[in-house]
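The values are calculated or read from the model by the stated rules, or taken from the named source; none is laboratory data. None of the values given here were measured: they were computed from a predicted structure. Here the Cβ positions follow ideal geometry from the backbone for every residue, glycine too, while neighbour counts run over all protein chains shown. Each accessible area value is taken on the protein alone, full model and side chains, heavy atoms only, with ligands, DNA and RNA left out. Shrake-Rupley method; radii C 1.70, N 1.55, O 1.52, S 1.80 Å.
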Amino acid sequence: MSPVVIGNATLYLGDCLEILPALSKVDAVITDPPYGINAARTRNSAKDGWVDYGCDGWDKERPGREIFDAMLLAAKLQIIWGGNYFTDYLPPTRQWLSWDKGQDGFSLADFELAWSSQDKASRRIHYTRRLALKEGKEHPTQKPVAVMRWCIEQAGRPTVICDPFMGSGTTGVAAAGLGCIFIGIEREPKYFDIACRRIEEAQKQVALFPHEPPSPQPEQMVIA
Ligand SMILES: C[S@@+](CC[C@H](N)C(=O)[O-])C[C@H]1O[C@@H](n2cnc3c(N)ncnc32)[C@H](O)[C@@H]1O
């Protein structure tokens, strides 16, 4: 199937296990696979009920080892959210990235972990769930744009980024804001359409407000 091209984003509707190995190498894979914890339905604290996002089932099982092997081959750098669920597929690493959600001891996690292939110190971002919810939520496990943007910065703003488990396209939205070329893959048509719209809107915003210069990485900061 031919992809949808939106500016510098190329988006594939389909199974990443088939599509990713057929693509040219990219600079970084930055992604958020299903963790296999059945998160397709999410508790909405405002209404205190269960919200069905309409695509039940995608998070019932973890993806298999083959797609992790393909992601490791597809780029020289990987950042993979939920890495703690995939330690049997991924080699030991020095760098973990943590999203601290600014909450303690709720039924939901205080933080989430991403496995990173970089031989660098581990880092964390503090970004509250309250702020994340203000962005709106069209996918049950939607990551905040600020968190994905931070990941891209941690990776040194790679020129070409691929997210093979794109969901609602948050990595692509963050990539648009930073002027990175983006390749996304998503299997569920409903989430694919949401991703197309969000990435197109993000690119329009960038046309109005040009890219910011890179933030200094810790290694570049001078300690007096
Ligand atoms: C954890 S969600 C990603 C959410 C995303 N980070 C966001 O902010 O919206 C994982 C996504 O991977 C998709 N998915 C699962 N298996 C897939 C496969 N084999 N190929 C492509 N997409 C897949 C699911 O439909 C789901 O939308």
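Quick look at the numbers
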read-out: Most mobile of LEU77, LEU90, LEU208 in a GNM of the chain (Cα contacts under 10 Å); value: LEU208
read-out: For the chain, size of Cβ-based charge dipole, Lys and Arg +1, Asp and Glu -1, in debye; value: 440 debye
read-out: Positive minus negative residues near GLY14 (Lys, Arg vs Asp, Glu; Cβ under 13 Å); value: -3
read-out: Compactness relative to 2.2 N^0.38 Å, alpha carbon Rg of the chain; value: 0.97
read-out: Axial C-alpha extent at least 27 Å, average Kyte-Doolittle at least -1.0 - helices from the chain (DSSP); value: 189-208
read-out: Summed residue charge, Cβ within 12 Å of VAL173's Cβ, Lys/Arg positive, Asp/Glu negative; value: 0
read-out: The stretch 113-194 - convex hull of alpha carbons, volume per residue in Å³; value: 101 Å³
read-out: Nonlocal Lys pairs with alpha-carbon distance under 14 Å, the chain (8 or more apart, or different chains); value: 5
read-out: Within the accessible area of the chain (1.4 Å probe), percent carbon and sulfur; value: 54 percent
read-out: Accessible area (Å², per residue) of the chain, counting only protein heavy atoms and a probe of 1.4 Å; value: 52 Å²
read-out: ALA39-LEU72 pseudo-label distance in nm [points 7 Å out on the Cα-to-Cβ vector]; value: 2.3 nm
read-out: Fluctuation leader among GLY105, GLY36, GLY83 - the chain, Gaussian network, Cα springs under 10 angstrom; value: GLY105
